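Written below as structure tokens is the structure these notes are about.
The values are calculated or read from the model by the stated rules, or taken from the named source; none is laboratory data. Fair warning: this is a prediction, and the values are worked out from it, not measured in the lab. Don't worry about glycine lacking a Cβ; one is built from the backbone with ideal geometry, like all the others, and counts go over all protein chains shown.
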Amino acid sequence: EPVAVAADSLEASVPSNFNLVTLDATTVGELKFYGQGAGSLPTGNAIVQDVLDCATGARRPTYDFSRPLAYDPALLRGDYVYRTEALLGDAEPFGEGAVVVRGLTAEAARALLAEALATDPTTFMAALPPTGEGRTAEPTQEG
């Protein structure tokens, strides 16, 4: 889902078909991984290499599915900003023409988006990054 980032952040400056993934871990702090992503040549090269590896037996991936995995989306909550004319229940003003709803699960945020789209088809939603060092969950005025 879209996530709002500060205009002067590294995440907002990723060009063309490059990707940047930011992870925030308790023991090591913030980690950023940057590199070329999807595009016709990188994707085509990866597919051809995978086919060649399978055909020659050069690389055989192994997967361990013996341990069951569990995911509880209710454990992950965040703040979501909506640019909409629709009236949203627990929304707080968030800059001009936008509101923020805090503490939603991703499922609840998408349900609220669907509700808003029924009233205002131009509604836009984005998750706000968690507050913390170097991040903001308040609207900024670009100069």
Query raised in the report: Could you list, in sequence order, the residues of the range 75-85 that are more than 19 Å from the chain's Cα centre (by Cα) and buried (at least 17 other Cβ atoms within 10 Å of the Cβ)?
Result: Thr84
Query raised in the report: Which residue pairs have Cβ atoms under 6 Å apart, sit 6 or more places apart or on different chains, and have a first residue in the range 114-129 that is without any contact (Cβ under 8 Å) to a residue 40 or more places away in the chain and a second that is crowded, with 16+ Cβ neighbours inside 10 Å and not in a strand (DSSP E or B)?
Result: Ala116/Thr84; Ala116/Ala86; Ala116/Thr123; Leu117/Thr123; Thr119/Ala86; Asp120/Thr84; Asp120/Ala86
Query raised in the report: Considering the range 25-59 alone, what residues qualify as being touching a residue at least 12 places away in the same chain (Cβ under 8 Å) and either touching a Pro at 6+ places or on another chain (Cβ under 7 Å) or farther than 29 Å from Leu10 by Cα (or both)?
Result: Gln36
Report task. Return the only residue of Asp24, Asp72, Asp90, Asp53 being of a type outside the set (S, T, N, Q) and exposed (fewer than 10 other Cβ atoms within 10 Å of the Cβ). Result -> Asp72
Query raised in the report: Just checking, which of Ser66, Ser9, Ser16, Ser40 is surrounded by fewer than 10 Cβ atoms within 10 Å (Cβ to Cβ), modelled with pLDDT of 85 or more and of a type in the set (Gly, Ala, Ser)?
Result: Ser66
Query raised in the report: When you go through Arg102, Arg59 one by one, which is the residue that is surrounded by 10 or more Cβ atoms within 10 Å (Cβ to Cβ), of a type in the set (Lys, Arg) and either at pLDDT 85 or above or on the phi > 0 side of the Ramachandran plot (or both)?
Result: Arg102
